[in-house]
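The next block holds one structure in the form of structure tokens; read it before the comments.
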Amino acid sequence: MAGKTFLQSFLLLLLFFVLGIPCFSLPLSTNGRWIVDATTGQRVKLACANWPSHVETMLAEGLDKQPLQFIIEQLTTKNHFNCVRFTWATHMFTRYANLTVMESLDSLNLTNAKAGIAKNNPYVLNQTLVQAFETVIDQFGAQGVMAVLDNQVSRPTWCCGFEDGNGFFGDPDFDASEWLRGLTLVAERFKGKSQVVAISTRNELRGPLANEDDWYKYILQGGETIHQANPDVLIFASGLAYASDLTFLKKKHLPTNFDNKLVYEAHWYAFSWGEGKSWGMEKVNDACYSKTQYFINQTGFVVHDENPFPMFLGEFGLDQRGFSLGDEHFYACLLAYVADEDLDWGLWAWQGSYYYRENKTGTEETYGVMNYNWNRVKNQDFQKRMDLIKTTLRDPTSRSPTTYIMFHPQSGSCIQTENKDGIYASSCRSPSHWVHEGDGTPLWLNGTKLCLKAVGDELEPILSTDCTSKQSTWRSLTKSKLHLAAIDEKGRYMCLQKESRYTTKILTTNCTLTHENPECERDPQKDPVTQWFKLVRTNVL
């Protein structure tokens, strides 16, 4: 008997390594602003990719391009996402539950998609849409991927027009009672599947009927419906105006947190709030500061409220075929904020293509991680820059003191030390840790008596025991607080700067700022973002 017990334990341990099952236990819960393991209280960070199954076909995109197992391996093993925000349409469960995948594809005359699925995932064709949805979720579980089931729309279609009939309770395609029935069906069907860690109430509420009173009424009903049917899952609730407004919570919270299961959700794109052009070069520090503050004031405040809740940044993303200057600035600013707050998040999007979108077949997703054929990542540089935010940086159970990681969001690299002599930019998977007590104090290398010292313009900073001079005291400049600067022997502000995108060398150079800071001259030929460094808090060593 003892030998059998040992063998069972060994096989279970082997499964953990082979299948990539997370080292924490499920289900999840909340502790203040953190999502945690309900048993141990350990932080569990969601680093998700959005993967749609809500458009007209009601089938997870990409099954015509590659085998399902391969697609999920790319997601988790190759690109280190631990979660999928998997979207679904209410009507798929309430009206089309018995429709097969083949019938769905035939109804849209998608012959090429059907042929691709027959080649790559033939077993799916004769499954019902709900069975196919569950097949993908089962493969998530097999490969250790958590799933957030997101109620994207009621009528299966591309989302989200302001007056598309799918936006708010009472719209032509948004019957509240049918929506509640759909939530019940989903919560009950996936009860017991521990990889399903959360169910959202509804994606991007919007439209002319949107109002706060109905938000409270129906979000409470939706949350209660999910919680009663499946008390193990987290409940995600987004606000109004395309998940960009939770300000009404400052006046009144929901009357329950569903037994520590409630998580608020927000979305943030470069074009959010209709001001994408403000990410240009001239006012980039102003833009980063003002947009970050707007996000915090509208939604992000929930993590610092007197009664804090977790915030899930459920959607952000960029056209990954090549960034405009404005997109570069937005992405760097967002990464700095998300890293420092250590938010849970979901990138839009995973898919490289669609079977059918907005009356067109075989369209490309320009925001997608995968390329059109789903066989490789579209933009490896974009993924590299996400390494730090995929890492758990803060844990409420940690007993380690808070230190800082020096993060360069434009390149996605972090500062490391070299033989305790100088510093260089490298991967964020094993960064150096620093101690800083605020503006005008040294940047100490954690666990040593060494601090960072600026030597001069276009020169590499050094690690030194001279920690009392102005050259060794650092402050954050500009509204963005993303320029780390010390004063050189000539009284000039020297900012940290990564020499170029293609080298690891770190220099101190004359601060490249806008006119907002008169003590630093602005060089119109240089982009201030090259000098952005964020001191990111962490208590995880």
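The values are calculated or read from the model by the stated rules, or taken from the named source; none is laboratory data. All of these numbers come straight from a predicted model, not from anything done at the bench. Quick reminder, even Gly has a Cβ in these numbers, built from the backbone with ideal geometry, and neighbours come from all protein chains shown. Surface accessibility is based on the protein's heavy atoms, side chains included, excluding ligands, DNA and RNA. Shrake-Rupley method; radii C 1.70, N 1.55, O 1.52, S 1.80 Å.
Structure notes:
- Normalised Debye scattering of region 177-265 at q = 0.18, 0.22, 0.25 Å⁻¹ gives log10 I(q)/I(0) of -0.76, -1.09, -1.33, counting only Cα atoms as equal scatterers and leaving out solvent.
- Coupling constants for region 314-320 follow from the phi torsions by the Karplus curve (6.51 cos²θ - 1.76 cosθ + 1.60, θ = phi - 60°), and in residue order they are x, 8, 7, x, 8, 5, 8 Hz; glycine and proline get x.
- For region 89-215, the spherically averaged projection of the C-alpha convex hull amounts to 8.7 nm².
- Ligands, DNA and RNA are left out, and with a 1.4 angstrom probe the accessible area of the chain is 40 Å² per residue.
- Within the accessible area of region 53-149, the carbon and sulfur atoms contribute 45%, probe 1.4 Å, all protein chains present.
- Peptide packing: for 307-314, 446-453, 218-225, the average count of neighbouring Cβ atoms within 10 Å per residue gives the ranking 307-314, 218-225, 446-453, highest mean first.
- Peptide packing for 127-139, 143-155 was compared via the average number of neighbouring C-beta atoms within 10 Å per residue; ordered from the highest value, the list is 143-155, 127-139.
- Zero-based 5 Å bins, Cα pair distances in region 377-470, whole percents: 2, 12, 20, 22, 19, 13, 8, 3, 1, 0
- With semi-axes defined as the square roots of five times the eigenvalues of the C-alpha gyration tensor, the equivalent ellipsoid of region 387-541 measures 24, 18, 15 Å, largest first.
- Stokes-Einstein diffusion for region 44-110 at 20 °C, viscosity 1.002 mPa s, with a Kirkwood radius from C-alpha pairs, works out to 160 µm²/s.
- Cα convex hull of region 302-341, projected area averaged across orientations, nm²: 3.4 nm²
- More than 14 Å apart - percent of Cα-Cα pairs taken over region 253-304: 61 percent
- Heavy-atom accessible area with a 1.4 Å probe sorts 460, 73, largest first, into 460, 73.
- Residues in region 217-260 reached by a label modelled at residue 191 [backbone nitrogen below 13 Å; 7 Å Cα→Cβ]: 225-233
- Protection-proxy order for peptides 417-429, 46-58, each taking the mean of Cβ atoms within 10 Å per residue, highest first: 46-58, 417-429
- Here region 291-393 is described by how far its Cα atoms reach on the three principal axes: 49, 29, 26 Å, from widest to narrowest.
- Between the amide H of residue 533 and those of 483, 484, distances stay under 5 Å, these residues lying 5 or more places away or on another chain, with hydrogens modeled in the peptide plane.
- Helix 111-120 axis, angle to the chain major axis (alpha carbon atoms, nearest 10°): 80 degrees
- Within the set (1) 34.2; (2) 35.5; (3) 27.2, the number that mean projected area of the Cα convex hull in nm² takes when calculated for this structure is listed as (3).
- Near residue 357, the amide H atoms lying under 5 Å from its own belong to 362, 363; only residues 5 or more places off or on other chains count, and H is placed 1.01 Å from N.
- Angle between the chain longest axis and helix 212-229 axis [Cα atoms, degrees, rounded to 10]: 70 degrees
- HN-Hα J in Hz across region 261-268 - Karplus 6.51, -1.76, 1.60, θ = phi - 60°, x for Gly and Pro: 10, 8, 10, 8, 10, 9, 10, 8
- Computed from label points 7 Å out along Cα-Cβ, the spacing between residue 214 and residue 541 is 5.4 nm.
- The angle between the Cα long axis of helix 325-341 and the longest principal axis of the Cα atoms of the chain comes to about 90 degrees, rounded to the nearest 10.
- For residue 150, residues with placed amide H under 5 Å, excluding near neighbours: 86, 87, 88, 200
- Taking the protein heavy atoms of region 360-504 in the context of the full set of protein chains, the accessible area attributed to carbon and sulfur is 44 percent at 1.4 Å.
- Whole-Hz couplings from phi, Karplus 6.51/-1.76/1.60, listed for region 69-83; x for Gly and Pro: 4, 5, 4, 6, 4, 4, 5, 8, 6, 7, 10, 6, 7, 10, 7
- Computed helical MRE - 222 nm, the chain, DSSP H runs ≥ 4 contributing -39500 (n - 2.57), nearest 500: -7500 deg cm²/dmol
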